[in-house]
Amino acid sequence: MAAIKKNSLGEIIISNEVLARLAGISAMECYGIVGMASKRATDGIVELLGMENLTRGVKVHTQDNEIYINLYIIVEYGISIATVAQNVIETVKYNVENFTGMTVKRVDITVEGVRV
């Protein structure tokens, strides 16, 4: 499903892939984030993803033109996880709302690991 924004000239349809990439880039800009995580379903191993695979660490769901985002991150050792998570939530919410003009209803963070 995609996000749809209507205006006087027509419709703007934003795919979930675009929303996921935007959320992933926004998260990676935050201090304390080492990278996005992808859990392989076969063996439960968490992989650190590079910039080319950001969307694998992001799940986006749209419903009634509201955006729900789940982020799977790996944080840097020695930094407050709660502070990093709050910063990521605020940054992702602001950037996605600013770029799309739509409402982000919820941003959930799952910390999959800590790296030195």
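Just a few scattered comments:
- Rg(Cα) / (2.2 N^0.38 Å) computed for the chain, rounded to two decimals: 1.09
- The relative contact order of the chain comes to 28 percent, based on Cα pairs under 8 Å that sit 6 or more residues apart.
- For the chain, the tally of Lys pairs with Cα-Cα distances below 23 Å comes to 9, considering only residues 8 or more apart or on different chains.
- Under the Karplus curve 6.51 cos²θ - 1.76 cosθ + 1.60, θ = phi - 60°, whole-Hz ³J(HN,Hα) for the range 79-87, x wherever Gly or Pro sits: 10, 4, 5, 4, 5, 4, 4, 5, 5
FYI, it's all coordinate maths here, none of it is from the lab. Please read all numbers here as calculations on a predicted model, not as lab measurements.
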